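Undergrad: Can you read through this structure? Questions will come right after.
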Amino acid sequence: MRARKIAKYLDTGSITLFARQIVDVLGNVLSVAIHDGAGQLVWAGPDSNAADFWTVSPFLRERLPGPGFCERLSNKNYVYVFYLDGENSDPAIGTVSIQIDASNPMSFEFAHAEIGPIINCIDRQLAINAELSSVRRMTAEGRKGLKLLVQMDELDASAGPHDILRSVLQLAADHFKVELAAVVLPNLGIQETCPAHLLEDEATSKAVMTTLGSLISTAKMHRKALLSDANITTKVVAGLQHSHPKVLCSPIINARDDVIGVFVLMGPARFSREQVRLARAICAKIRTLTRTADQLSSEHYSRHGLLGYIDNTLQRNPEQSHALLYVDVDKLHVVNDNYGHMAGDEVIRRVSELIDEHANSGDAVSHLSGDRFGLFVRGCEENSAIEKAERILEVVAGDDVEYEGVAIEISVSIGIVLIPDVASSSSAALNTAEIAARSAKDRGGHRYVVFRDVDASIAQRRSDLDQVSHLQYALIQNRFVLHAQPIVSLSDENGPDRYEILVRMLDDNDHALPPAKFMSAAERYQMMSAIDRWVIKNTLDQLAAADNMLEVNLARFSINVSAQSLADDDFLNFIEESIVESGISPDSICFEITETAVVRNLERAQRFIRRLRKLGCRLALDDFGTGYCSFAYLKDLPVHYVKIDGVFVRDVLENPLSEAIITSMTEIAKVLQAATVAEHVENDLVIQRMRDHGIDFIQGFAVGRPKLFEEVLQNMGPPTMLEGPDQPRREKDAG
């Protein structure tokens, strides 16, 4: 993403929500701003007067190590600056700057620990918007690379880091068709090669490691992927078939932007740009593995390690009860302000020791961030978890920290969540326990709260923030999957196949989550347009790749368009370019817009419908009957289909009012020459009633449940061919 274009990819709705979340977390925030890579102000919020605090842009400087920096302004306020696109760009493509009142300073490390996840969400959302704003067709090589990354994701996470890295290298060697694949991480004592026998011979092993060590030094110096014709020693290539192999060396970088090792490939052919990008993605996965390896040598689990430990425990003992305690030090900022950050560090160290003392064998302790800890207690009922929390509260409060002759009183707040009774996964448990801990802190601190006592609206907001991170990851890693539900004609059994495309998100166990699980976060954080773009792109990709001549079959596929997409100025161009580039007949695609979205912006909806009709697409008005003024504006919407909302269809047999409404909708649709579709048809009696009303199409469990889109395409089979005059017509595949 080029720096000068960062403003183009900002979504003001979601950025405003993120800014408000930053204000809630840090307090005394005067303004949140986003500057581009040239130091120009491109957004300020969350209030309308927020830009007044940024009369100068003092943040344009050579990039410093780490996630950002803090400095004091001429007006005596403090500004905390966080780099955007920190892992992929130098210089950064922009910054998030937070101005704090001079009366409430804090350490940069504390601020980063508090709002780091929010900054990451902003960073990823910019990257997603930039990626989805342009139409790119994935090459065959790109699809193979994606398959490779998926295979690496599916490796047994319970295996040790050495075993996993060997599997990674074998997969990489097979994919890139190279003679040598290697990973070297000196600080962790990891050096693996494929084939492994190169390290068995002492002389060859020494030559190989000397060469790889040289590549590490070069990577640390240049901090980028290296391509060369392999100026290496003859002893190394003695074990290889080609005497002059080409080399791709990609650095492995940790969270502090330090080069901690290299991923190296040697083969006969030059490496393409696509292969370099894939190697960088593999390095990111290797970096994740190094966190696990690093955790093995530490007394405490990392956050990632704790989540993995909890999930593994749940898999082994799914029926056993456990508890997670989220321990948050109270008023650490007061200690930092009065005694300095070294005193604050001493408080954190002492609390850590006291938590360790109360962890039994089989429990897991994690220093989550800054002043926050997690204690996972295996085989623990609610009463036992409460007793443990009370003991921790008691010992912490009774153990003052001595610093430079001063006794510093300390206390903690503890959130408790029961697993699997309240949370069935590690990530859900951690988020839920954090909510409970924050509730304990809000009630004055030095207490515990079991999650059931927490206000549901707070839980929903926190859940949405967590879920938006999962959504962004799903968009980046293609962790969505398409389903298709049939739309069946009541008058023409041999008519063309019709389906509505539905999207599901995959969880950590590859289970498909229904929209109800993630749409709240998507709508709250303005991500619906990104999801809609993903659905359109992947639907067209799969249709273009299908080998059953869909145009000859005249099959049609409906895609939903959200209100946020309708308000996106670039979205209509994206659709037109995508369809043209895919080669799919526009007549095969129908776009569904909800009546509620139309009511919000009738003029934009009319323009959207007319342009896509001109292109050749079909249009449907979805959830008809819920917009309150439906009949008044329907005459101005030249749609092909009217989909009657399921709330009227489901109770049509018992509710005379619903039946009267359906009758009116059907008559008006006929006058407008629009076909009618009844949604949520769930039994044969409702089917018959829809037929009596003259409904054209029905959709619902009575005629077909959603199936994987790729399975639907496979089952459609080849087009129906013309039969001879004496041959009976073949029955149409019911799929």
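Undergrad: If r is the Cβ-Cβ distance from Ala397 to Asp101 and R0 is 22 Å, what FRET efficiency results, to the nearest 0.05?
TA: Taking R0 as 22 Å, the efficiency between Ala397 and Asp101 is 0.10.
Undergrad: Please report the spacing between the Cα centers of region 401-430 and region 6-55 in Å, no decimals.
TA: Cα centres, region 401-430 to region 6-55: 31 Å.
Undergrad: Moving on. Work out how much length Glu353 to Ser585 would gain on full extension: take 0.36 nm times their residue separation and subtract the Cα-Cα distance, in nm to one decimal.
TA: Full extension of this stretch gives 76.9 nm more.
Undergrad: Where the centroid of each part is defined by its Cα atoms, how far is region 663-708 from region 375-389 in Å?
TA: 54
Undergrad: At a Cα cut-off below 17 Å, give the lysines reachable from Lys670, other chains included and same-chain residues fewer than 8 away excluded.
TA: Qualifying lysines at Cα under 17 Å: Lys635, Lys643.
Undergrad: In nm, give the distance between the simple-model label positions of Met221 and Asp569, each being 7 Å from the Cα along the Cα-to-Cβ direction.
TA: Output for this residue pair reads 4.8 nm.
Undergrad: Also, quick follow-up: Would you compute, for the Cα atoms of region 345-430, the largest minus smallest coordinate along each principal axis and list the three values in descending order, in whole Å?
TA: Answer, in whole Å and largest first: 46, 24, 22 Å.
Undergrad: At what distance in nm do the modelled label points of Asp47 and Asp692 sit from each other, each positioned 7 Å from its Cα along Cα→Cβ?
TA: 6.1
Undergrad: A further question follows. Expressed as cubic angstrom per residue, what is the convex hull volume of the alpha carbon set of region 3-133?
TA: 98
Undergrad: Please give the length that would be gained between Thr596 and Ala284 if that part of the chain were fully extended, namely 0.36 nm times their separation in residues minus their C-alpha to C-alpha distance (nm, one decimal).
TA: Contour length minus the Cα-Cα distance gives 108.1 nm.
Undergrad: If you don't mind, another one. For Ser167 and Ser272, what does the FRET efficiency come to when R0 = 22 Å and r is the distance between their Cβ atoms, rounded to the nearest 0.05?
TA: E between Ser167 and Ser272, to the nearest 0.05, is 0.35.
Undergrad: List the pair-distance distribution P(r) of region 484-585, using every Cα-Cα distance, as the percent of pairs falling in each 5 Å bin from 0 up to the bin containing the longest distance, rounded to whole percents.
TA: Histogramming region 484-585 at 5 Å steps yields 2, 10, 18, 21, 18, 15, 11, 4, 1 percent.
Undergrad: Then there's this: List the residues of region 91-116 whose backbone N lies under 18 Å from a point placed 7 Å from the Cα of Gln40 along the Cα-to-Cβ direction.
TA: 91-97
Undergrad: Let me ask another. Under a cut-off of 19 Å between alpha-carbon atoms, report the lysines in cross-link reach of Lys147, not counting same-chain residues fewer than 8 places apart.
TA: Lys177, Lys285, Lys537
Undergrad: Also: What FRET efficiency comes out for the pair Arg705/Glu523, r = Cβ-Cβ distance, R0 = 25 Å, nearest 0.05?
TA: For Arg705 and Glu523, the calculated efficiency is 0.50.
Undergrad: Taking the simple approach of a point 7 Å from Cα along Cα-to-Cβ for both Arg63 and Ala7, what is their distance in nm?
TA: The answer from the label model is 2.3 nm.
FYI, it's all coordinate maths here, none of it is from the lab. Quantities reported herein were computed from a predicted structural model and do not represent experimental measurements. No Cβ is skipped: glycine too gets one built from the backbone with ideal geometry, and neighbour counts run over all protein chains shown.
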